[in-house]
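Report on the following structure.
The values are calculated or read from the model by the stated rules, or taken from the named source; none is laboratory data. Keep in mind that this is a model prediction, so the values were computed, not measured. A quick note on method: Cβ atoms are made from the backbone with ideal geometry, for glycine too, and the neighbour counts reach across all protein chains shown.
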2 protein chains.
Amino acid sequence: MAQLRMAMAQVNPTVGDLEGNCGIVVEYARRAAGAGAHLVVFPEMVVTGYPVEDLALRKSFVAASIEATHRLAERLADEGLGELPTVVGFLGRCEDAEPRFGQPAGAPQNALALLHQGRVKVVSAKHHLPNYGVFDEFRYFVPGRTLPVVRVHGVDAALVICEDLWQEGGPVATVRDAGAGLLVVLNGSPYEHDKDDERLDLCRRRAREAGAALAYVNTVGGQDELVFDGDSIVVDAEGEVLARGPRFEEALLVTDLELPVPSEPEPRGTAATTGIGIERTVLSEEPVPAYDPRPGEIAQPMEDLAEVYTALVTGTRDYVRKNRFGSVILGLSGGIDSALTAAIATDALGPDPVHAVLMPSRHSSEHSVADAEELVRRQRINARTVAVGPMVDAFEEAVAVDGLAAENLQARVRGQLLMTLSNQEGHLVLTTGNKSELATGYSTLYGDSAGGYAPIKDAWKTLVWELARWRNAEAARRGETPPIPENSISKPPSAELRPDQLDTDSLPDYSVLDALLDDYVGTDLGRTELIAAGHDAELVDRVIRLADRAEYKRRQYPPGPKISKRNFGRDRRLPITNRWS
Amino acid sequence: MAQLRMAMAQVNPTVGDLEGNCGIVVEYARRAAGAGAHLVVFPEMVVTGYPVEDLALRKSFVAASIEATHRLAERLADEGLGELPTVVGFLGRCEDAEPRFGQPAGAPQNALALLHQGRVKVVSAKHHLPNYGVFDEFRYFVPGRTLPVVRVHGVDAALVICEDLWQEGGPVATVRDAGAGLLVVLNGSPYEHDKDDERLDLCRRRAREAGAALAYVNTVGGQDELVFDGDSIVVDAEGEVLARGPRFEEALLVTDLELPVPSEPEPRGTAATTGIGIERTVLSEEPVPAYDPRPGEIAQPMEDLAEVYTALVTGTRDYVRKNRFGSVILGLSGGIDSALTAAIATDALGPDPVHAVLMPSRHSSEHSVADAEELVRRQRINARTVAVGPMVDAFEEAVAVDGLAAENLQARVRGQLLMTLSNQEGHLVLTTGNKSELATGYSTLYGDSAGGYAPIKDAWKTLVWELARWRNAEAARRGETPPIPENSISKPPSAELRPDQLDTDSLPDYSVLDALLDDYVGTDLGRTELIAAGHDAELVDRVIRLADRAEYKRRQYPPGPKISKRNFGRDRRLPITNRWS
């Protein structure tokens, strides 16, 4: 057996920011070298950020990514880090792709590179290209065909990318044939409620199948609708956890490994079981001198609601920051949705960049204003009040309007006020709708649905209440002021767009509604199955109709952090014109 | 040789309307039988409409499609049409798909069925699943594996679907081995400027390769952002055109064919060249009695601008109709964009369901109102005038606002007025922005970009002028009143959101801008290539920055008919957070 100190850099790149991302790699490589690591590994496509979507089809972008990766190798050497083998993900190109109708333009690849001594020593690409849920990789990439195995200080490490770990067969199934002692996996694996357990089980299983220790390094941070949660993992060849990274935070995870020394250098060849070519590269044969290993760090698991809440905070923080906004603005109604959104914004950015606007109308109850003011005091955010009456009146004098059109009018005056203040003062507008509203279309286009980012759009209303209660309890536990007024949590929800209006006038109780919506939207059950599952038949018909007809509104809704297995953003794509329901 | 009268039904289904679509099939099958056809062929996925997007992953929808297809076979027989072999596209299921991680849920297939004597006699699925541009089929479908060959009145017809014709290899390359005399191709091929020539060339080439006559039947009509243009084609085995359907119109294309009679019934088997299994079905061995063939109809080609304009009218008409709106509303500024949009709406729906709103502000010039009024007179549409001053004033009294925020405020008051009238009166709001605006972000979120459908969003400003001139000339040619006031075409464009504003204050001349945008957006050239192509370097930098930063606005823009190779809807998918430019 031979020792190897491996560092995994769980970092937060930004799509398109090649220079900034390479700067992150240099910084973490330096920290890894400082910690005495013999190998440092970065996430999937760290050079470009992930996912790049149609940027992959732009030849100039692919060329810039390849150029940046070569420059990065040189820069690491220039900064005295050239002896540390550094594995990064980048956007590459399949140089020998035969032209074929329908092949992604320029034959881009989701690739990895091993940088050493100022040069790119190994290049390889992802085999399995996920094209489901939030992923569209079959649209963008040409698959890889080989498994790279790199000898570092006398031990063999195989290198693969993300989906290759999830699929049966392919390069991971080739690792045992290749006789590698370590399997390194670069990931850009988005957060999904409960996915952490799935990942750990998978890492353990694949390590045992491969007969190799397994190092799983993941991205952190928000990118548009995706939130990456880190949770990098190292297991030994028996599947025992050696180290585990924190959730949602950048970290350098340093792990001391004991790995088998292959008896003699293996020739290049083709794996018997998969037919995949094994590409071997020797960086160094000499084992590292014996040293005292340190135990790996194993981050504590997060409880469920903490995990979800942190995902929302992370998504919000990074969307604001990566889009170069310095502040946010949102409407505060005194209700639970805007209260929770404000708490998330304050946790993401601190109170100073958070601007609230109270926009009471003739239908606003007294407690609404009082609850909103109480929230402002608790969270110490900026606030102003603009009564919407005069603007609503001006519209009502110009055009005859009543019923739902009059309700929408008020919501749109508020949306327009927020957009005007955004344009005038430079804040990003946060939209405060929840997933139950999005699902049923219980919102006004260009009204309460206006804005740039919607922190709770993937949270059912029942989850919104749970998160608010959890956040307040968390504050109490820490001896801080609970950020959300108790009355905002306990009062019955209302849009307050007509006298004495309650959500329950138009919708069933949220506990009933959310259970049905989750079966319909989350699990994709059909009408018959929903009724068989115990949902009321009349309600099923009504909710299916509402949900399918709200597709246009959902398309126009701002992006927000995805937390559930199925949200309304990238992974549920329905036609607008649809006469199915 | 044997005779065969084949009918191709170039029809317009609606996504999700299984009952309505099957009704269309019955109607056209009856017409085909009435015309003495021996075989009738419908487009790709005619039973469900196309594209169904994530509906394909809903098990209940797949089951409903399969059920509807079996019922359709029975109904055709019940209505006395059971002896006419009828080929339809439908959403099927791969019954023997092995479960595999990442496989589309329920293993749906883009399938075809041959209906005969009350039963589904043949089922087959598309092999090549396009996953580029507007297509996402690899996300939704499991590929087919066999080539069906059906003997009808003693001649052999091979049946394939759309992309299988475009790709080298696969089932089309198997047709010659199969010895089929006729290759039938079911299509859902969206309109794209100049694609008709490409299609004809392809049909001719494939017919010669296969040594078989080729019948290409395509969908017509609009579905969300796609417009299908028909243009169904029949060529003989030498690639000579025997018949060609009209563009953008439903039609039954009846063609008399002379086809080779295979010497003896071929066994089932595997093609030597492709390894694809050939599935043979005999419906009838007896040739049809000799009859006098009629020459096929060959539709006249359309001129370029007529084709583009008709695509916009078709998309608009079907989006309104398929989403069950009875009328449309739009703001008329007196400028060219809203004038052309009104003309398209009037051509799509007639003047009665078209409602115009003139919304002058303090910055509106006199000619603006006069030009808008002149348009209303020419097109005889409904119109009203609502001055926006009082509403703008109400906002300006509530919040301090100047500069761009004040310009956006006016645009949003107009957007809100249209939405309010839409909610109150039930009209669909038509959005009047053009592609040059979308590309550069020269529009106001929730202002002029508000609405439900945007007829000219895929037309560069220079094309907008061309289309307006073409439409007026066309009217003159027909002895009708040109619908668009000459002054709306000839005056310099202005947003009229501040005194004496002209588009050229913020943007270069459209002839310069559109050429650059088309190279950047349409051809995806990078900075260096754009400059090498002769575009001004400073302008290139400015336009790239504008174009990439406008991605968020484009995401929120309503859908509109796609007419160019690359639009901003389904086939250009960029991240919002992108620091590349």
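When each of B:Glu297, B:Glu240 is tested for being without any contact (Cβ under 8 Å) to a residue 60 or more places away in the chain, of a type in the set (Asp, Glu), surrounded by fewer than 24 Cβ atoms within 10 Å (Cβ to Cβ) and not assigned by TED's automatic domain parsing to the domain that holds B:Gly16, the lone residue that passes is B:Glu297. Can you find a residue that is closer than 20 Å to A:Leu226 by Cβ, in contact (Cβ under 8 Å) with a residue 24 or more places away in the chain and in the same structural domain as A:Glu466 (by TED's automatic domain parsing) anywhere in region A:359-370? Within region A:359-370, not a single residue is closer than 20 Å to A:Leu226 by Cβ, in contact (Cβ under 8 Å) with a residue 24 or more places away in the chain and in the same structural domain as A:Glu466 (by TED's automatic domain parsing). For region B:8-29, a tally of residues being within 14 Å of chain A (Cβ to nearest Cβ), among the β-branched types (Val, Ile, Thr) and surrounded by 21 or more Cβ atoms within 10 Å (Cβ to Cβ) returns 2.
In region B:62-72, the count of residues that are surrounded by fewer than 19 Cβ atoms within 10 Å (Cβ to Cβ), over 28 Å from A:Ala547 (Cβ atoms), among the small types (Gly, Ala, Ser) and modelled with pLDDT of 95 or more is zero. Comparison of B:Ala454, B:Ala476, B:Ala405 shows that the only residue that is touching a Gly at 6+ places or on another chain (Cβ under 8 Å) and at pLDDT 95 or above is B:Ala454. From the list A:Ser494, A:Ser490, A:Ser449, the one residue that fits, being assigned by TED's automatic domain parsing to the domain that holds A:Leu340, over 29 Å from the mean Cα position of the chain (by Cα), within 26 Å of A:Pro351 (Cβ to Cβ) and of a type in the set (S, T, N, Q), is A:Ser490. Please indicate, with yes or no, whether at least one residue in region A:502-511 is among the small types (Gly, Ala, Ser), within 30 Å of A:Val413 (Cβ to Cβ), assigned to a helix (DSSP H, G or I) and not assigned by TED's automatic domain parsing to the domain that holds A:Glu466. Among the residues of region A:502-511, at least one is among the small types (Gly, Ala, Ser), within 30 Å of A:Val413 (Cβ to Cβ), assigned to a helix (DSSP H, G or I) and not assigned by TED's automatic domain parsing to the domain that holds A:Glu466, which makes the answer yes. If you check A:Thr316, A:Thr346 for being touching a residue at least 12 places away in the same chain (Cβ under 8 Å) and within 14 Å of chain B (Cβ to nearest Cβ), only one passes: A:Thr316. Among the conditions (1) touching a residue at least 24 places away in the same chain (Cβ under 8 Å); (2) farther than 21 Å from B:Glu249 by Cα; (3) assigned to a helix (DSSP H, G or I), B:Leu4 misses just one, which is (3). If the condition is being within 13 Å of chain A (Cβ to nearest Cβ), in contact (Cβ under 8 Å) with a residue 12 or more places away in the chain and among the β-branched types (Val, Ile, Thr), then region B:532-581 contributes B:Val540, B:Ile544, B:Ile576.
Screening A:Arg362 on (1) out of contact with any strand residue (DSSP E or B) (no Cβ under 8 Å at 6 or more places or on another chain); (2) in a strand (DSSP E or B) shows it passes everything except condition (2). Among the residues of region A:439-460, the ones that are under 24 Å from A:Val540 (Cβ atoms) and within 9 Å of chain B (Cβ to nearest Cβ) come to 0 in all. Cβ-Cβ distances below 7 Å connect the following pairs, each with a first residue in region A:24-36 that is closer than 17 Å to A:Val220 by Cβ, a second residue that is among the small types (Gly, Ala, Ser) and surrounded by 15 or more Cβ atoms within 10 Å (Cβ to Cβ), and a separation of six or more residues or different chains: A:Tyr28/A:Ala9; A:Ala32/A:Ala7; A:Ala32/A:Ala9. If the condition is being of a type outside the set (A, V, I, L, M) and either on the phi < 0 side of the Ramachandran plot or not in a loop (DSSP other than H, G, I, E, B) (or both), then region A:378-389 contributes A:Arg378, A:Gln379, A:Asn382, A:Arg384, A:Thr385, A:Gly389. Of all residues in region A:254-312, those being closer than 24 Å to A:Glu238 by Cα and in contact with a helix residue (DSSP H, G or I) (Cβ under 8 Å, 6 or more places away or on another chain) number 8. If I filter region A:135-168 down to residues being of a type in the set (Lys, Arg) and under 23 Å from B:Asn131 (Cα atoms), which single residue comes out as farthest from the other protein chains (Cβ to nearest Cβ)? Out of the qualifying residues, it is A:Arg145. Only a single criterion out of (1) over 23 Å from A:Val308 (Cβ atoms); (2) in a helix (DSSP H, G or I); (3) acidic (Asp, Glu) is not satisfied by A:Asp352, namely (2).
Taking the condition under 30 Å from B:Tyr291 (Cβ atoms) and not in a loop (DSSP other than H, G, I, E, B), does B:Leu72 pass? Yes. Among the residues of region A:150-172, those that are part of a helix (DSSP H, G or I) and of a type in the set (A, V, I, L, M, F, W, C) comprise A:Leu165, A:Trp166, A:Val172. Go through (1) polar (S, T, N, Q); (2) surrounded by fewer than 24 Cβ atoms within 10 Å (Cβ to Cβ); (3) under 26 Å from A:Arg572 (Cα atoms); (4) in contact with a strand residue (DSSP E or B) (Cβ under 8 Å, 6 or more places away or on another chain) and name the single condition A:Gln167 misses. Of the numbered conditions (1) polar (S, T, N, Q); (2) surrounded by fewer than 24 Cβ atoms within 10 Å (Cβ to Cβ); (3) under 26 Å from A:Arg572 (Cα atoms); (4) in contact with a strand residue (DSSP E or B) (Cβ under 8 Å, 6 or more places away or on another chain), the odd one out for A:Gln167 is (4). Among the strands (runs of 3 or more DSSP E) confined wholly to region B:173-229, which include 2 or more residues that are touching a Lys or Arg at 6+ places or on another chain (Cβ under 7 Å) and either modelled with pLDDT under 95 or under 16 Å from B:Ile563 (Cβ atoms) (or both)? Of the strands (runs of 3 or more DSSP E) lying wholly inside region B:173-229, those with at least 2 residues that are touching a Lys or Arg at 6+ places or on another chain (Cβ under 7 Å) and either modelled with pLDDT under 95 or under 16 Å from B:Ile563 (Cβ atoms) (or both) span B:226-229.
When each of A:Pro485, A:Pro499 is tested for being modelled with pLDDT of 95 or more and touching a Lys or Arg at 6+ places or on another chain (Cβ under 9 Å), the lone residue that passes is A:Pro485. Only one of these is in contact with a strand residue (DSSP E or B) (Cβ under 7 Å, 6 or more places away or on another chain), of a type in the set (D, E, K, R) and not in a strand (DSSP E or B): A:Glu249, A:Glu258, A:Glu238. Name it. Checking each option against the conditions leaves just A:Glu249.
Evaluation of B:Pro289 against the conditions (1) outside the structural domain of B:Ala173 (by TED's automatic domain parsing); (2) out of contact with any strand residue (DSSP E or B) (no Cβ under 7 Å at 6 or more places or on another chain); (3) closer than 25 Å to B:Asp164 by Cβ; (4) not aliphatic (A, V, I, L, M) shows that the sole unmet condition is (3). Residues that are charged (D, E, K, R), loosely packed, with under 15 Cβ neighbours inside 10 Å and over 30 Å from B:Arg380 (Cβ atoms) were ranked within region B:478-531; the one that is nearest to the other protein chains (Cβ to nearest Cβ) is B:Asp505. Do you know which of the residues in region A:59-72 that are touching a residue at least 40 places away in the same chain (Cβ under 8 Å) and charged (D, E, K, R) is farthest from A:Gly20 (Cα to Cα)? Selected residue: A:Lys59.
Residues that are aromatic (Phe, Trp, Tyr), assigned to a helix (DSSP H, G or I) and assigned by TED's automatic domain parsing to the domain that holds B:Trp470 do occur in region B:390-398, at least one of them.
Annotation for region A:414-427: no member residue is over 26 Å from A:Asp352 (Cα atoms), assigned to a helix (DSSP H, G or I) and at the interface with chain B (Cβ under 8 Å from one of its Cβ atoms).
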